[in-house]
Amino acid sequence: MEKYNLIKFESIGSEYVGSLIALESNKAIPFDIKRVYYIYDVPHRVRRGFHAHKTLEQVLVCLNGSVKIRCFDGVRDTTIVLNRNDVGLYIGPGVWHEMFDFDEKTVLISIASEYYNEDDYIRDYEEFLKYIDII
Ligand code: T46
């Protein structure tokens, strides 16, 4: 599995009745779900993230609006636009990620594999480069 990749979710419904997406552990979401958090009301100029995780896996879904996410795993450095509620961005351990260009109405939800634990964060970029062993 890639350290980060897009996941397309199955949407149930039609243009006549609307749509429903169900996200279950070890099905659409490739791990046991322990936590869900969401980010909203982010001013356009604000950039968030700027860290990697040691063990956390998560899938980010933009439920409304749009946001750009830069992911760098030591090899691939990609900026992904999330603006669909039927597409999630899986981010595994050891991926530096930055979120920016939030729309006023953006709601970004994260479905995560672990409870919140600040010790799991690498917030220093030099420390991250050492962690992924490229310097
Ligand atoms: C991530 C990106 C995509 C908590 O108390 N509990 C929580 O579950 C979370 C996620 C955060 N916090 C606290 C920690 C900080 O004091 O909320 C504050 C803001 O967190 P942070 O600066 O890490 O926010 P972001 O938007 O930079 O990062 C968040 C997640 O923390 C992170 O895991 O991958 O979204």
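Residues that are closer than 19 Å to Asp124 by Cα, part of a strand (DSSP E or B) and open to solvent by 10 Å² or more (accessible area, probe 1.4 Å) within the stretch 54-70 comprise just one, Arg70.
Just one of the listed residues (Arg84, Arg35) is within 15 Å of the ligand (Cβ to nearest atom), open to solvent by 30 Å² or more (accessible area, probe 1.4 Å), out of contact with any helix residue (DSSP H, G or I) (no Cβ under 6 Å at 6 or more places or on another chain) and charged (D, E, K, R), and it is Arg35.
Collect the residues in the stretch 66-75 that are away from the ligand (no atom under 12 Å from the Cβ) and more than 16 Å from Tyr131 (Cα to Cα), keeping them in residue-number order. Matches in the stretch 66-75: Ser66, Lys68.
With respect to the conditions (1) open to solvent by 50 Å² or more (accessible area, probe 1.4 Å); (2) in contact (Cβ under 8 Å) with a residue 24 or more places away in the chain; (3) of a type in the set (S, T, N, Q), Thr106 falls short on a single one, namely (1).
I'd like to check something: does the stretch 79-92 contain any residue that is touching an Asp or Glu at 6+ places or on another chain (Cβ under 6 Å) and at pLDDT 95 or above? Within the stretch 79-92, one or more residues are touching an Asp or Glu at 6+ places or on another chain (Cβ under 6 Å) and at pLDDT 95 or above.
In the condition set (1) free of Cβ contacts under 8 Å to residues at least 24 places away in the same chain; (2) more than 10 Å from the ligand (Cβ to nearest atom), Pro93 is compliant with all but (1).
The values are calculated or read from the model by the stated rules, or taken from the named source; none is laboratory data. Computed from a prediction, not measured in an experiment: that's the story for all the values here. Ideal geometry is used to build each Cβ from the backbone, glycine not excepted, and the neighbour counts take in all protein chains shown. Please note that ligands, DNA and RNA were not included when accessible areas were found on the heavy atoms of the full protein model with its side chains. Shrake-Rupley method; radii C 1.70, N 1.55, O 1.52, S 1.80 Å.
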